[in-house]
Amino acid sequence: MGQRDRFLVPPISQKATTFVRVINLPATLLLFARKITTIRFKSFGLLDHCWDDVPVPVSPQTITRNNPLPERWDRIGGKGGVNFTTLPDNGGPYTYNQRAIPYLENPEARHVGNFDNESYFDANDAIKNNNLGELNRIVAANGKEPFSEAKFHLILAEYDKFQGTLKKVVGNGDTTYGLKGKAALWRASSTGEKLMDGGAEQIVTPLNGEMLEEIGVIPKY
């Protein structure tokens with residue numbers, strides 16, 4: 001999936017070297033650079049980085065119709081990712097430390113909404129069964145634009161990639177609808193120092209936020 005989120009950093013001269021650009025990154029981000037697979041800079045000092053493909057939770061459980069998504073979801077970042085969390089029973093959101101994400105605190109990056117479980121399961125079944133007609137029936141019922149065959153092939157490719165990655169981690173379990181568990185803690189690979197606690201509820205879906213929005217599983221944000 002390659003979740004991509006962006007940080008706005010001070011504008012950097014286009015003539016600056018890669019080394020100079022990297023040492024101007026926030027210290028918080030540098031601390032966790034080992035978790036990032038690629039880093040590059042776009043114009044106006046916009047940092048674009050790509051995380052590991054699928055953030056697999058600790059002690060994962062398969063999502064099923066008998067073990068569905070929660071009603072409410074909570075997410076930090078854009079729509080390109082596949083990981084969500086829930087709202088704790090006490091009503092307050094999980095902290096960045098509990099989510100184990102190395103971002104500078106940014107309340108504007110947080111989004112919440114409701115999952116449509118029926119559409120979620122039906123849409124995943126349609127994609128798994130390579131049934132564009134059924135998927136578009138679900139999409140139309142949710143008041144969304146139908147997918148073209150070209151777009152459907154892209155969705156199939158992302159879904160298959162997700163499933164292939166999960167199989168390497170969880171084996172032969174049924175990951176049709178994704179996984180849920182707890183966010184893993186982070187330790188420094190060189191020293192073993194604990195960097196972030198983790199522990200937040202974590203949900204990993206086969207389809208990213210953008211696709212879920214286009215199907216009508218989550219509201220637009």
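The values are calculated or read from the model by the stated rules, or taken from the named source; none is laboratory data. Fair warning: this is a prediction, and the values are worked out from it, not measured in the lab. A quick note on method: Cβ atoms are made from the backbone with ideal geometry, for glycine too, and the neighbour counts reach across all protein chains shown.
Look at region 202-221 and say how many of its residues are buried (at least 19 other Cβ atoms within 10 Å of the Cβ), of a type in the set (D, E, K, R) and at pLDDT below 95.
Residues meeting the conditions: 0.
In the set 75, 99, which member is within 25 Å of residue 195 (Cβ to Cβ), under 16 Å from the mean Cα position of the chain (by Cα) and either at pLDDT 95 or above or not assigned by TED's automatic domain parsing to the domain that holds residue 160 (or both)?
75
Consider residue 177 carefully, then state whether it is touching a strand residue (DSSP E or B) at 6+ places or on another chain (Cβ under 8 Å), at pLDDT 95 or above, in the same structural domain as residue 97 (by TED's automatic domain parsing) and of a type in the set (Ser, Thr, Tyr).
So residue 177 passes the test.
Per-residue answers, yes or no, for (1) surrounded by 14 or more Cβ atoms within 10 Å (Cβ to Cβ); (2) closer than 19 Å to residue 219 by Cβ; (3) touching a residue at least 24 places away in the same chain (Cβ under 8 Å):
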| site | (1), (2), (3) |
| --- | --- |
| 93 | yes, yes, no |
| 98 | yes, no, yes |
| 101 | yes, no, yes |
| 113 | yes, yes, yes |
| 129 | no, no, no |
| 132 | yes, no, no |
| 139 | yes, yes, yes |
| 143 | no, yes, yes |
| 153 | no, no, no |
